[in-house]
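Beneath this line is the structure, given in structure tokens, with notes to follow.
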Amino acid sequence: MRLAYIKPWHWLLLVAVAGCRGAVPAVGDAIGGRTAGPLAYELAKVSSCEDAEQELRDAALVEMNAQLDQALAGYLEHGDICTATFVMEDSGSAPRATSGTNNQVASVDEADFIKHDGHYIYRVGPGALTVLEAWPAANTRVVGRVTIDGTPVKLFIQGDLAAVYVSVPRGGSTNAEAATSPSLAAPRGACTYGYGCRFEGDGNDTAILLFDLTDRTAPKLLRRFDINSSLIAARRIGNTVHTVVAQVAPLFGVKTWPAAVRPCTVRTAEVRQDARSAFEQLRQENIEKIQNTPLIDVWPTLREDGVAPAEPPCDAIYRAADGGSAFTSLLSFDLSSNGGVTQSTIISRPGAVYASAETLYIAVPQTHSPSEPWFEELSQEQEASSVHAFRIGSDPKASAYLGSGVVKGRVLNQFSMDEHRGNLRIATTSGHLPSPDTHNTLSVLSFSDRSDRNEGRLQLQGQIDHIAPGEDIRSVRFDGDRGFMVTFKKTDPLFTFDLSKPEEPKLLGELMIPGFSTYIHMLDDEHLLTIGYDADDHGDFAYFDGVILQIFDIGDPQVPALTHKATIGTRGSSSEALADHLAFTLFQGKLALPMTICEGGGDGAYGTDMTFSGLIIYDVSVEKGFSESGRVANPPSSGQYNNSLCQNWWSNAASEVKRSIFMDEYVYAISPNAVHVQDTRALGRDIATVHF
């Protein structure tokens, strides 16, 4: 059988823990008798650990060969790849009211680089956990700091305890190697919005540090967990923390680009032959690694305080009809106890993560290839999402795999999913613009056996297909029995859905307006508040333009109406909140938005004059709409704005200010370098400033 390139996210193997060794077939041998027949997504128990390991090594071999073939072909056929982009009001002891993290689900906290408890602000950044005493506001100051090796990226705070996530450089590649290897050169940061990026983490390992904060001036390290996987997402329910991590780097230490091949070398016949030889030598080195590296060396291994577990047990292994060589794990532990960590691992590429208070879902993108197995029920589809469900909650020991399902298309991000009354609602897009075949689907899934969900199957209950042909999804929001979706190509259709009957979801209303929203917020039961981009219509397409805020009346879902709109800047203007909902802060009628404002653009031309960087505060009401009440500037130290930042692309929206916090009448504008504190009743002047 010819070796086909089996993409790593097309393979699934669920294990409690596994680690055994087996042999690898030579290149060109048949692999496990797999064919390009129907692909089943329900799990079956593997007869032995050896069989599981055999599939893992087989898949790694197939993927490695395909990656080398593609890399060499690209090198030989394209002469200038060196310029390509490779994308792998009182001063009392506490404020009366404060804003919190803008969580998707109210009872499920999401990790972020800033947290607060109403008196202290906790911030993680390069090399440290910093504690600021933030009340009284005018006296905001740093009171504690603990140095952390690696790059702290997110944290949770629960009472006097903190869990800090640290990105730790992974061994095996050097800076020099990355500089010459297209497969290694692409920086991968957190994917927050999901349009044009994948939820794969940063490629580094992860450490989780637990701190005692009883003495805020001197946080005390209590425990440390390390796992050779990258952070994808984390949620906290009470004292219990649930963390999704993944290994998406090549397993077994294989490399996909020879160090001797320089991408920017002129392609003479001699250079081309040398490249072929170098790739073949690397292929043989990789085969040797795949054959001989013990599985325990590449398995996602959790260490506590530097101590690795003994040889993992091999008593609960499950797989689908195929296999794979990428790991995604769910780790659950109690912040307040010394108990262990419950770990579940699937051999699967990671995906977008959504969590209710009871269930965590991972939607993994898949692409159909004629030479590979595929889902029989989706035989006519080119894209699908495998959806894997895990039980979570306040007891970490109860965390467990529940079951899987599949839907056509790919999700945009976590807001494309929602669980309500035991049903998963999921919105997906099939196809890519500008293809006219692009369309969208809203599906409702539930477990076939509600009395025993363990190892169950998420089955399709109802579906609305071919929504907005020729457009793709830009934002989704679910609210109880209702759903809202925004799609775009040249105008912004806002769709409303009735989901009260899972077997009969209904499209109720549609509103066509220019532009599109990237985030939808429930302002109240009858109004949506959105942030997105305006657009300049050119018939068959439209240019995105300045940032827009909008309020929609959805009291009558059959006739949604735009009631208020505010435009900020021109093309190139940007806000962190456009691509990360954690940067969106609505508190007691005040909206705080990080903003970079650029003027002088429009109709496809980027702005040429950056006029503001900082935080803008709006008074928001359903009656009056948006009224700007002031700004908190975060100017550069030079005092000169950087006009080059006006070249912002819409899906990579960013701003210097990243987050904001309200405490009573005071607002804290937080950037990587500083915290600016101002009184919302007299905006324009800092009453306190802290520099990091």
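The values are calculated or read from the model by the stated rules, or taken from the named source; none is laboratory data. The model shown is predicted, which means the values in this text are computed figures rather than measured ones. Quick reminder, even Gly has a Cβ in these numbers, built from the backbone with ideal geometry, and neighbours come from all protein chains shown.
Please verify whether Asp481 is surrounded by fewer than 16 Cβ atoms within 10 Å (Cβ to Cβ) and either among the basic types (Lys, Arg) or in contact with a His (Cβ under 9 Å, 6 or more places away or on another chain) (or both), treating the condition exactly as stated.
Yes.
Being hydroxyl-bearing (Ser, Thr, Tyr) and in contact with a helix residue (DSSP H, G or I) (Cβ under 6 Å, 6 or more places away or on another chain) is the filter; apply it to region 258-311 and report the residue that is modelled with the highest pLDDT.
Ranking the qualifying residues of region 258-311, first place goes to Thr293.
Within the set of pairs 6 or more residues apart or between chains, which connect a residue that is of a type in the set (Lys, Arg) inside region 226-250 to a residue that is at pLDDT 95 or above with Cβ atoms less than 6 Å apart?
That search, which allows pairs on different chains as well, returns Arg235/Val108; Arg235/His242; Arg235/Ala355; Arg236/Asp109; Arg236/Phe156.
For region 618-691, which strands (runs of 3 or more DSSP E) that fit wholly inside it have 3 or more residues that are of a type in the set (A, V, I, L, M)?
666-670, 674-679
Kindly list, by first and then second residue, each pair from a residue in region 139-166 that is buried (at least 17 other Cβ atoms within 10 Å of the Cβ) and part of a loop (DSSP other than H, G, I, E, B) to a residue that is of a type in the set (A, V, I, L, M) and modelled with pLDDT under 95, limited to pairs with Cβ atoms under 8 Å and residues at least 6 apart or on different chains.
Gly150/Val168
Go through region 506-549 and give me each residue that's part of a loop (DSSP other than H, G, I, E, B) and surrounded by fewer than 18 Cβ atoms within 10 Å (Cβ to Cβ).
Hits for region 506-549 are Asp525, Glu526, His538, Gly539, Asp540, Phe541.
Which of (1) modelled with pLDDT under 95; (2) touching a helix residue (DSSP H, G or I) at 6+ places or on another chain (Cβ under 9 Å); (3) not aromatic (Phe, Trp, Tyr) is the odd one out, the single condition Asp540 does not satisfy?
Here Asp540 clears every test but (2).
Only residues that are within 19 Å of Thr689 (Cβ to Cβ) and assigned to a loop (DSSP other than H, G, I, E, B): list them for region 120-134, please.
Within region 120-134, just Ala134 meets the criteria.
Would you please list the contacts, defined by Cβ atoms under 8 Å and residues six or more apart or on different chains, that run from a residue in region 473-496 that is under 18 Å from Ala106 (Cα atoms) to a residue that is polar (S, T, N, Q) and assigned to a strand (DSSP E or B)?
Arg482/Thr496; Gly483/Thr496
Quick check, is Leu213 buried (at least 16 other Cβ atoms within 10 Å of the Cβ), more than 28 Å from the chain's Cα centre (by Cα) and at pLDDT 95 or above?
Yes.
For region 64-82, check the following and say yes or no: at least one residue is of a type in the set (D, E, K, R), modelled with pLDDT of 70 or more and in a helix (DSSP H, G or I).
yes
Could you please let me know if Phe497 is hydrophobic (A, V, I, L, M, F, W, C) and modelled with pLDDT of 95 or more?
The answer is yes for Phe497.
Which ones in region 653-670 are modelled with pLDDT under 95 and of a type in the set (Gly, Ala, Ser)?
Ala653, Ala654, Ser655
Can we say Gly127 is farther than 22 Å from Val244 by Cα, modelled with pLDDT under 95 and not acidic (Asp, Glu)?
yes
From (1) under 17 Å from Ser344 (Cα atoms); (2) surrounded by fewer than 21 Cβ atoms within 10 Å (Cβ to Cβ); (3) among the aliphatic types (A, V, I, L, M), pick out the condition that doesn't hold for Ala218.
Single failed check for Ala218: (1).
Considering every residue within region 602-618, establish whether at least one is modelled with pLDDT under 95 and closer than 30 Å to Ser416 by Cβ.
Looking through region 602-618, at least one residue is modelled with pLDDT under 95 and closer than 30 Å to Ser416 by Cβ.
Go through (1) touching a strand residue (DSSP E or B) at 6+ places or on another chain (Cβ under 8 Å); (2) closer than 27 Å to Phe225 by Cβ and name the single condition Ser337 misses.
Among (1) touching a strand residue (DSSP E or B) at 6+ places or on another chain (Cβ under 8 Å); (2) closer than 27 Å to Phe225 by Cβ, the lone unmet condition for Ser337 is (1).
Among the listed residues Ser573, Ser627, identify the single one that is surrounded by 18 or more Cβ atoms within 10 Å (Cβ to Cβ) and either among the hydroxyl-bearing types (Ser, Thr, Tyr) or more than 26 Å from His691 (Cβ to Cβ) (or both).
After ruling out the rest, the residue left standing is Ser573.
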